[in-house]
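The values are calculated or read from the model by the stated rules, or taken from the named source; none is laboratory data. Treat the numbers as computed from the prediction; the structure is a model and nothing was measured. Here the Cβ positions follow ideal geometry from the backbone for every residue, glycine too, while neighbour counts run over all protein chains shown. Ligands, DNA and RNA are excluded from the accessible area calculation, which covers all protein heavy atoms including side chains. Shrake-Rupley method; radii C 1.70, N 1.55, O 1.52, S 1.80 Å.
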Amino acid sequence: MAAVTVWEPRAGTGPAGLHREWTAEPVSTGTTIMAVEFDGGVVIGADSRTTTGAYIANRVTDKLTPVHDRIFCCRSGSAADTQAVADAVAYQLAFHSVELEEPPRVRTAARLFQQSCYRYREELSAGIIVAGWDPRRGGQVYVVPMGGLLLRQPFAVGGSGSSYIYGFLDATFQPGMSRSQCQEFVARGLALAMVRDGSSGGVIRLAAITEEGVERTVLAGSDLPWGDGGPAV
């Protein structure tokens, strides 16, 4: 969710009397994030643009944040808020796995995110998708939107670009898709959002999380679903 650019008058008249307060704007991961379950794991993805108002602060941000070996979160909202929550959850999960002497469950990670987002809902600007694989339930996707709701879904989308692609996702998603179909589904959805949403852009980062581990992919330029000339007609 990109903040609105603020213009303030300086001493003097004319164009020189206006300036942009870039430093006063919050750093935001105004973004598009996605995750989808398949038999044996999950595929997650995100664009890579980070904005400060209308200024692009970083065009290759990695918004796929690991919180344990096979559990990731996708972050949207304030970059500082989401990173702080992700760091706290990763710290808690590390101790939890040592105590249990086994890998933590994806639902446990999602619940930790939900508790923090709900407890500090008035202070945080954080929308999180938690996805990963564990031996008990396999691949799982949980969404924790602003306010602290926790919900498991077969696929989830969030961020400022999500409103542009709900129709495409609802029309395209099919239960039981294969890993490669899920990767294509996520990449296509993210690419379409990047065309319409000014706060989404850069490259597409994908990760497939399974029992074997995490396989990450970066799509840029001509590797994007439509190439570098815009979406196919």
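In table form, for the structure just shown:
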item	result
So Arg196, is it charged (D, E, K, R), crowded, with 18+ Cβ neighbours inside 10 Å and out of contact with any Lys or Arg (no Cβ under 8 Å at 6 or more places or on another chain)	no
Residue in the stretch 67-80 that is surrounded by the most Cβ atoms within 10 Å (Cβ to Cβ), counting only those that are of a type in the set (A, V, I, L, M) and part of a strand (DSSP E or B)	Ile71
The one condition in (1) open to solvent by 40 Å² or more (accessible area, probe 1.4 Å); (2) within 15 Å of Gly127 (Cβ to Cβ) that Gly167 fails to fulfil	(2)
Candidate set: the stretch 42-66, residues that are of a type in the set (A, V, I, L, M, F, W, C) and either in a loop (DSSP other than H, G, I, E, B) or open to solvent by 10 Å² or more (accessible area, probe 1.4 Å) (or both); chosen: the one farthest from Ala187 (Cα to Cα)	Ala54
Pick from the stretch 94-124, criterion open to solvent by 100 Å² or more (accessible area, probe 1.4 Å) and among the hydroxyl-bearing types (Ser, Thr, Tyr), ranking: farthest from Leu151 (Cα to Cα)	Tyr120
The stretch 162-203 - residue that is touching a helix residue (DSSP H, G or I) at 6+ places or on another chain (Cβ under 8 Å) and hydroxyl-bearing (Ser, Thr, Tyr) and, of those, farthest from Asn58 (Cα to Cα)	Thr172
Qualifying residue in the stretch 26-34 (condition: modelled with pLDDT of 80 or more, surrounded by 12 or more Cβ atoms within 10 Å (Cβ to Cβ) and in a strand (DSSP E or B))	yes
